[in-house]
1. Would you point out which residue out of 101, 30 is in contact with a strand residue (DSSP E or B) (Cβ under 9 Å, 6 or more places away or on another chain) and among the hydroxyl-bearing types (Ser, Thr, Tyr)?
2. Please go through the stretch 141-200 and pick out each residue that is surrounded by fewer than 14 Cβ atoms within 10 Å (Cβ to Cβ) and on the phi > 0 side of the Ramachandran plot.
3. Is there a residue being within 10 Å of the ligand (Cβ to nearest atom) and touching a strand residue (DSSP E or B) at 6+ places or on another chain (Cβ under 8 Å) anywhere in the stretch 34-43?
4. In the stretch 109-119, how many are within 13 Å of the ligand (Cβ to nearest atom), closer than 18 Å to residue 66 by Cβ and not in a loop (DSSP other than H, G, I, E, B)?
5. Among the residues of the stretch 183-199, is any at pLDDT 95 or above, part of a helix (DSSP H, G or I) and not charged (D, E, K, R)?
6. So is residue 147 in contact with a strand residue (DSSP E or B) (Cβ under 9 Å, 6 or more places away or on another chain) and in a helix (DSSP H, G or I) or not?
7. Given the options 15, 64, 30, 2, name the one that is of a type in the set (Ser, Thr, Tyr) and without any contact (Cβ under 8 Å) to a residue 12 or more places away in the chain.
8. State whether one or more residues within the stretch 124-137 are over 29 Å from residue 200 (Cα atoms), within 15 Å of the ligand (Cβ to nearest atom) and buried (at least 19 other Cβ atoms within 10 Å of the Cβ).
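The values are calculated or read from the model by the stated rules, or taken from the named source; none is laboratory data. Since this is a predicted model, take the numbers as computed values, not measurements. We place every Cβ from the backbone using ideal geometry, glycine too, and count neighbours over all the protein chains shown.
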Amino acid sequence: MSRGKLITFEGIDGSGKTTQIGYLADYLRSFDLDVLLLREPGGTRIGEDIRRILLDMRSHKMTSETELFLFEAARAQLVREVIRPALEKGQWVISDRFHDSSVAYQGYGRGLSIDLVMALNDLAIGETVPDLTILLELSPKALAERLEKRHGEGQGDRIDVESDQFKERVSRGFQTMAQAEPQRFIRIESLDEKERTAELIRQQVRRILL
Ligand code: TYD
């Protein structure tokens, strides 16, 4: 049996990843592929416990270094306990966020050294690098509207309530990373018409992986 593929979705909070992952999973299943959906941090019992600590508002004293280690710990567990065995079995794994999120959020967002974040990523994932990473981007106008809406709602988890400047740094970080690795990343604008965005993603997945 052939090895499965690992596809990761990245983008800032509210870029529409969850909806698009659902569409892509349905599409891949229509080819009789066995699809496994995961989210980071999480996907294992240990990872879900770590997720609670990370997103808990009571963790406001958490340092950036602690935050990075916790994301990497959850990831190291997920890769070994779930992703590698799934790929071996021929499953197609789609993850809502993966190692690039640490570079974007803890590196570009929090200001930790990019090289250091990449070194820890390397320890956590080893050779389990995604076959394809879909970066969902919002137009500047959509991004501004999205930030405005979140302010009105006054909600979100500990990382989601960060400042607009933080989110802009994260967003620019993702762009820089996509430019540096054009063979792995595809950049897709997240449109209001979700079905159109889904079709753009399907076209790229067909071209590259099917
Ligand atoms: P989640 O509720 O999954 O948010 P989203 O639906 O936007 O993906 O929460 C995950 C949060 O953790 C999100 O704000 C991004 C952040 N994050 C990091 O800061 N570093 C990481 O390595 C990962 C995987 C996520």
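1. Criteria check complete, one pass: 101.
2. Within the stretch 141-200, just 154 meets the criteria.
3. Yes, some residue in the stretch 34-43 is within 10 Å of the ligand (Cβ to nearest atom) and touching a strand residue (DSSP E or B) at 6+ places or on another chain (Cβ under 8 Å).
4. Number of matching residues: 2.
5. yes
6. no
7. Selected residue: 30, the only one of 15, 64, 30, 2 that is of a type in the set (Ser, Thr, Tyr) and without any contact (Cβ under 8 Å) to a residue 12 or more places away in the chain.
8. Yes: the stretch 124-137 contains one or more residues that are over 29 Å from residue 200 (Cα atoms), within 15 Å of the ligand (Cβ to nearest atom) and buried (at least 19 other Cβ atoms within 10 Å of the Cβ).
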